[in-house]
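Here the structure is laid out as C-alpha cells; the discussion comes afterwards.
The values are calculated or read from the model by the stated rules, or taken from the named source; none is laboratory data. Being a predicted model, the structure only gives us computed values, none of them experimental. FYI the Cβ positions are ideal-geometry reconstructions off the backbone, even for glycines, and counts take in every protein chain you see. Accessible surface areas use protein heavy atoms only, side chains included; no ligands, DNA or RNA. Shrake-Rupley method; radii C 1.70, N 1.55, O 1.52, S 1.80 Å.
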Amino acid sequence: MVLFDQRKLLLDAADRAIRYYESLPQRRVAPSPEYLAEISVLYEPMPDGPSTAAEVLAMLDETGSPASMAMAGPRFFGFVIGGTLPAALAANWVAAAWDQATGLHDVTPFTATLEQVTLRWLVELLGLPSGCGGGFVTGATMASFSALAAARSTVLSQAGWDSESDGLFGAPPVNVVVSDEVHPSVTKSLGLLGLGRNRLTRVATDGQGRIRPGSIPRLCAPAIVCVQAGNVNTGAVDPVGEICDRVKGPGIWVHVDGAIGLWAAASPRFEQLVSGVDGADSWATDAHKWLNVPYDCGIVFVQDHQALRRAMTIDAAYLPLSEERDPSHYTPELSRRPRGVEVWAALRSLGRSGVAEMVERCCDHARRFARGLEHAGFEILNDVVLNQVLVSFGDPDRTTRIIEGVQREGTCWVGGTVWQGQTAMRISVSNWGTTEDDVERSLEAMIRVAYECP
Ligand SMILES: *Cc1c(COP(=O)(O)O)cnc(C)c1O
C-alpha cells in the first residue's frame, strides 16, 4: 500500500515536472501579476500535523509552477543563466533518488569515479593542462574561492609561511591584482579568504572591459593576479596569455574567472578567443550556465592538484580515506551531492561536437539580436564576440523604461546594466533550446515595446 502510494506520488511529480518543462517554449517568461499574488498563500503558520505528500506536491506545483520565472525556458535572456538539457534533468532525477553523499570514494565509488572521469573530460574539452586537479562546487563563486585558497596556500608557502596551519596573522602580505571589471564574486572570495575586498590593486581595462596588460604594475611575490575569460557584460576575454608572460614567476599566481568564457574553448570557431588561457594556474567556471545543467554546479580547476588538495584537505579518524580520489579533499564541502552526475550526462549526451554546436548556436543568436536591434535603429554598445549583447535605447530613463516594458510584455526577459557609464539592456543567450524563431519573436517584442515607449 505504502509502496503503491510512493510510486503514484513520484509518477505524479514526474508528470507535473514534464508538463512544466514542456510548457516553457510557449509560456510567457515573467509570471503574470495574478499568479504572483498567489505567492501570499505561503504566509501560513507552520502546520501542527502532517499532510499527505500528494497534497504537498499539488500545492507546490499549482502555486509554484505558474508563479515561477521561466528561467529554464528558451527566451530568458537575463543574466547568464542557461536551462537544463533533457539528459541532465533526467540524470538529476535519478541521482536525487540515489542520494549519494559523495565525499569519500570508497563509500560512494560509482559517483566518485564518475566525477573523476568527468573532470578529466572537462580538462580536455576546455583545453586546460592535463593533470589539473579539480572539483565540483556550487558555482563559479565557490570555484574561485577554492582556486584562490590554493593560490593563497601556494604563494605563501613559497614565502615560507604555512597558511593552513598558522592562518594569516603575521603572514607576509599577499599582493592581489584585479581589474576594474572584476566580477564581484571574485572580490567576495578574496574577502572570505582574508585577502580583503578592498586591499586590491585594480588595473585599467579597455572599452570592452579587457585588462590592458601594460597597466599591471611590476609585481613582488607573494602575489595573485585575477583575470577573466568572459566579461559578464560584454563577453570580452582578458589577454590571459600575454598577462601570464608578463607577470608569472616564483610566488606569483594567475587565476582565471572563466564562468562563461571558458566554454569558448570547446568550439573550434571560438577557441581563438581564449588562446593562452591554459597558461594560468587556476580556473573557475560554471556548468549551470552555458553547459545547461540544473542549478547549482560550478567547477574549479588547479594546475597543481596538490595545491588544491593542501588547501581543501580534511582529516578525521572516522573518515575512511581511500587510495582513490576522495572528492572531499578538493572542495570546501565534506558532504555534498554528486554534481558531476548531470555534467557527465550533459557531456555524454552532447559529445564534443554537441557542446561546440551549443556554444556556437548561442553566439550566433547573440549576433542575430545585435543585427536586428541595430537595423531597428538602436545602438549596440559592445563588440559581440560571444553570447552577450548590450543595447542602448537613448537616455538612461528611456532605456530603463523599455527594459521594464519588455519584462512586463512577457515574450522574453532581459535585464539592465550600466556599462562604462551608459545604461544598457543586456541580452545573454545561453539556453540550449533557444531557436532562431525564439530570437525573432523576442526581437519583434523588444522593437515593438521600444517604438511604443514615449
Ligand atoms: C556568474 C558569474 C560568476 C559567479 O558565478 P556563480 O555561479 O553565480 O557563483 C562569476 N564570474 C562571472 C564572469 C560570472 O558570469
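Could you tell me whether Val41 is aliphatic (A, V, I, L, M) and either open to solvent by 40 Å² or more (accessible area, probe 1.4 Å) or out of contact with any strand residue (DSSP E or B) (no Cβ under 6 Å at 6 or more places or on another chain) (or both)?
So Val41 passes the test.
Do the conditions hold for Glu181, that is, is it out of contact with any Asp or Glu (no Cβ under 6 Å at 6 or more places or on another chain) and open to solvent by 60 Å² or more (accessible area, probe 1.4 Å)? Quick ask: steps written out before the conclusion?
Details: out of contact with any Asp or Glu (no Cβ under 6 Å at 6 or more places or on another chain): yes; open to solvent by 60 Å² or more (accessible area, probe 1.4 Å): no.
Judged against the criteria, Glu181 is not a match.
Does Asp286 count as within 16 Å of the ligand (Cβ to nearest atom), open to solvent by less than 10 Å² (accessible area, probe 1.4 Å) and either in contact (Cβ under 8 Å) with a residue 40 or more places away in the chain or more than 28 Å from Ala91 (Cα to Cα) (or both)?
Numbers: within 16 Å of the ligand (Cβ to nearest atom): yes; open to solvent by less than 10 Å² (accessible area, probe 1.4 Å): yes; either in contact (Cβ under 8 Å) with a residue 40 or more places away in the chain or more than 28 Å from Ala91 (Cα to Cα) (or both): yes.
Yes, satisfied.
In segment 296-326, which residues are free of Cβ contacts under 8 Å to residues at least 12 places away in the same chain and either charged (D, E, K, R) or buried (at least 19 other Cβ atoms within 10 Å of the Cβ) (or both)?
Within segment 296-326, the subset free of Cβ contacts under 8 Å to residues at least 12 places away in the same chain is 315-318, 323.
Passing the criteria: Asp315, Glu323.
Hey, among Glu357, Glu374, which residue is modelled with pLDDT of 95 or more, part of a helix (DSSP H, G or I) and within 21 Å of the chain's Cα centre (by Cα)?
Details: Glu374 fails: within 21 Å of the chain's Cα centre (by Cα).
The match here is Glu357.
Which residues, counting only those in segment 1-17, are open to solvent by less than 70 Å² (accessible area, probe 1.4 Å) and at pLDDT below 90?
none
Output the residues belonging to segment 223-253 that are away from the ligand (no atom under 11 Å from the Cβ), open to solvent by 10 Å² or more (accessible area, probe 1.4 Å) and β-branched (Val, Ile, Thr).
Residues satisfying the conditions are Val247, Ile252.
Checking the condition among the hydrophobic types (A, V, I, L, M, F, W, C), within 15 Å of the ligand (Cβ to nearest atom), modelled with pLDDT of 95 or more and under 18 Å from Ala150 (Cβ atoms), which residue from Val186, Val177 passes?
Val186
So, in segment 254-265, of the ones that are within 14 Å of Glu360 (Cα to Cα) and open to solvent by less than 10 Å² (accessible area, probe 1.4 Å), which residue ends up nearest to the ligand (Cβ to nearest atom)? Don't jump to the end; show me each part of the working.
Just the residues of segment 254-265 that are within 14 Å of Glu360 (Cα to Cα), to begin with: 260-265.
Next cut, open to solvent by less than 10 Å² (accessible area, probe 1.4 Å) only: 260-264.
Working: Ile260: 5, Gly261: 7, Leu262: 10, Trp263: 11, Ala264: 13 Å.
Only one residue fits best here, namely Ile260.
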